[in-house]
Amino acid sequence: MGGPAPRPGAPDGSDAADDGEGGLAALGAFIRDQRREASLSMRKLAEAAGVSNPYLSQIERGLRKPSADILQQLARALSISAETLYVRAGILERERGDVDVIGEILRDPSISVDQREALIRVYRSFRAEAAAGAEPDEVDSTGQESSEGERR
């Protein structure tokens, strides 16, 4: 027996079942979890993202595959990375060995939106400091700069 039959819908197949990156059900569950974490009702998120409430409901239940534009609007309304949703939807493929720290912070459902934003600000400030000339090995595990004589 073959896999699940495509669901009826748009001629471009945007409503078809998709098993890539966990499938549409996993994408919908992730969006629902992010919406709940942000303490948004489905109606509020739909309004903020510029989509209808029934359409958002279908996305969350894994019945519709949103376009990249809709994913971007949802990401903006949820204060998460659009790339996160693109990867989960199978639109983008993450490169092996490529670490997306900000994306990982944004994907963590165990911390609040405010905590995510604080972590991202701290991370970006560290990156800016590193780019401004501080070598990563000049800082020891306590976060204190080491002098040349103390280096191993």
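Since every read-out is calculated from the coordinates, none of them should be taken as a lab result. The structure presented is a predicted model; accordingly, all values stated were derived computationally and were not measured. Cβ: placed from backbone, ideal geometry, glycine included. Neighbour counts: every protein chain shown.
In this structure the amide hydrogen of residue 64, modeled in the peptide plane, comes within under 5 Å of the amide hydrogens of 59, none closer than 5 places in sequence on its chain.
A simple packing score, the average count of other Cβ atoms within 10 Å per residue, orders the peptides 122-130, 55-63, 39-47 as 55-63, 39-47, 122-130, with the highest score first. Segment residue 72..residue 115, full-extension length gain: 13.3 nm, with 0.36 nm per residue of separation and the alpha-carbon distance subtracted. For residue 128 and residue 108, the FRET efficiency from 1/(1 + (r/R0)^6), where r spans their Cβ atoms and R0 equals 25 Å, is about 0.65.
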